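Trainee: Sharing a structure below in structure tokens format, with a few things to ask.
The values are calculated or read from the model by the stated rules, or taken from the named source; none is laboratory data. Owing to the predicted nature of the structure, the values given are computational and were not obtained by experimental measurement. Quick reminder, even Gly has a Cβ in these numbers, built from the backbone with ideal geometry, and neighbours come from all protein chains shown.
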Amino acid sequence: MAAQAISDLISSGERSRLIPVVSDMSKEERAVSPVLAAFSIVPALAHSLLQEVGGPTNQRATVRSYSQVVFKRGPTDRKWRPDGLLEVDSGRKVWRALIEAKIGNAELSGEQVECYLDLAKQMNLDALITISNQFSTLPTHHPIAVNKMKVRRVELYHFSWLSILTKARLLSDDKTIDDPEQAFITVEMSIPNAAARLCMEADFLRRSLRFSISLNTPQDKTRPTAAVNWATRQLASSAHSSDTLIRARWPGRAVDTVARLSDAIADPKSVAPDEKKELPVGFEIQRVVDLAARFKGSSTFIEDARRELPRFYKDVVQNVANWVPKAPKYKETKKVEEALEFPAEESAPFPAIESTSDDPTVPSGGS
């Protein structure tokens, strides 16, 4: 039997985000959403964890995750809404699991776990996965004792936050994530009236955050250094930021050139050396923040991302604008009055109306 479409299963919900847009009260969701987003974007991480809980793990399996989920036939009480929903589609089978999490010293309760097991059964889901700082030797050894009848049709698994972070670290250290496109998570934010999308990348291998925004090249410049000056003048107020870089992308196969923003402001040749004769095809203003050990913690990662994103916005994004060609200037070829003058034969553009009255006091065309 074909799996029920997700749209038929939930009445509301959205794809999990690396930086969730939720209130400060939704602490569990703020922690769970980035992890679920990572599952969707980095298949190697998802497969390494799912193989321990019976989820499809073939390389073609598609992982989708949702937050703020409300089921169509589920309880209406917000107290019993799960933190997430994980869906793995192998092509032959769709495997789904509820996600419920606790952070800090908060612990799962037997009543809560059994309630979500009932909900998973009611929704015809395959499993319930809980995440907390409670320790378990294996995902199949749950730290909370539940009624065995509750797990006859729904599997119950548990991960500690430490086990998830350790798994991600091991994947990075042994180069399992060998595709550069999967070694980091990229989030693009569209900001009204900004020069371009603000891009944030979480790099698993380097344990760093990278923020960037792209600018086009002004086409009214003839020298590469003039184009660089155009870009850096917009960021003069950020010259003190030692961690802000400017990258110039060049035509063809030429290697990009990169310099600190402060250096490029002082000397445009630091990013456009003398051998460059053509204009660059574009610029990228970027900042790399090394999180080091703080990258390991879900809470510290989110704290740093929330701090550094507004800082980059204030220093860079709000100060730059893309180059826009000026409107062509009007070239006056004739005097205005000549341009509006009718030819002789058209000097009276409306035909004359002849009078049909014999009374000379009645104006022509009158009645």
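Trainee: Within segment 224-242, restricting attention to residues that are within 21 Å of residue 211 (Cβ to Cβ) and crowded, with 17+ Cβ neighbours inside 10 Å, which residue is modelled with the lowest pLDDT?
Mentor: 241
Trainee: Also, quick follow-up: Quick one: would you say residue 305 is under 18 Å from the mean Cα position of the chain (by Cα) and of a type in the set (Gly, Ala, Ser)?
Mentor: Answer is yes for this residue.
Trainee: Across segment 14-28, what is the number of residues that are at pLDDT 75 or above and crowded, with 19+ Cβ neighbours inside 10 Å?
Mentor: 2
Every residue, every condition in (1) part of a helix (DSSP H, G or I); (2) modelled with pLDDT of 90 or more; (3) more than 30 Å from residue 30 (Cβ to Cβ); (4) of a type outside the set (S, T, N, Q), yes or no:
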| site | (1), (2), (3), (4) |
| --- | --- |
| 277 | no, yes, yes, yes |
| 286 | no, yes, no, no |
| 304 | yes, no, no, yes |
| 313 | yes, yes, no, yes |
| 330 | no, no, yes, yes |
| 334 | no, no, yes, yes |
| 345 | yes, no, yes, yes |
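Trainee: Of all the residues that make up segment 123-132, how many are of a type outside the set (Asp, Glu), assigned to a loop (DSSP other than H, G, I, E, B) and surrounded by 15 or more Cβ atoms within 10 Å (Cβ to Cβ)?
Mentor: Qualifying residue count, segment 123-132: 2.
Trainee: Of the residues that sit in segment 133-172 and are assigned to a helix (DSSP H, G or I) and out of contact with any helix residue (DSSP H, G or I) (no Cβ under 7 Å at 6 or more places or on another chain), which one is farthest from residue 121 (Cα to Cα)?
Mentor: Residue satisfying both the conditions and the ranking: 172.
Trainee: Tell me whether segment 128-142 contains one or more residues that are over 26 Å from residue 58 (Cβ atoms) and under 30 Å from the mean Cα position of the chain (by Cα).
Mentor: yes
Trainee: Which residue pairs have Cβ atoms closer than 8 Å, lie 6 or more positions apart in sequence or on different chains, and pair a first residue in segment 4-16 that is within 11 Å of residue 96 (Cβ to Cβ) with a second residue that is among the aliphatic types (A, V, I, L, M)?
Mentor: 9/123; 10/69; 10/70; 10/85
Trainee: Mind listing whichever residues of segment 40-52 are surrounded by fewer than 20 Cβ atoms within 10 Å (Cβ to Cβ) and either in a loop (DSSP other than H, G, I, E, B) or over 24 Å from the mean Cα position of the chain (by Cα) (or both)?
Mentor: 48, 51, 52
Trainee: Can you find even one residue in segment 195-204 that is in contact (Cβ under 8 Å) with a residue 24 or more places away in the chain, surrounded by fewer than 19 Cβ atoms within 10 Å (Cβ to Cβ) and not aromatic (Phe, Trp, Tyr)?
Mentor: Within segment 195-204, not a single residue is in contact (Cβ under 8 Å) with a residue 24 or more places away in the chain, surrounded by fewer than 19 Cβ atoms within 10 Å (Cβ to Cβ) and not aromatic (Phe, Trp, Tyr).
Trainee: Now, a different point. Any idea how many residues of segment 84-122 are within 24 Å of the chain's Cα centre (by Cα), surrounded by 19 or more Cβ atoms within 10 Å (Cβ to Cβ) and under 18 Å from residue 41 (Cα atoms)?
Mentor: 6
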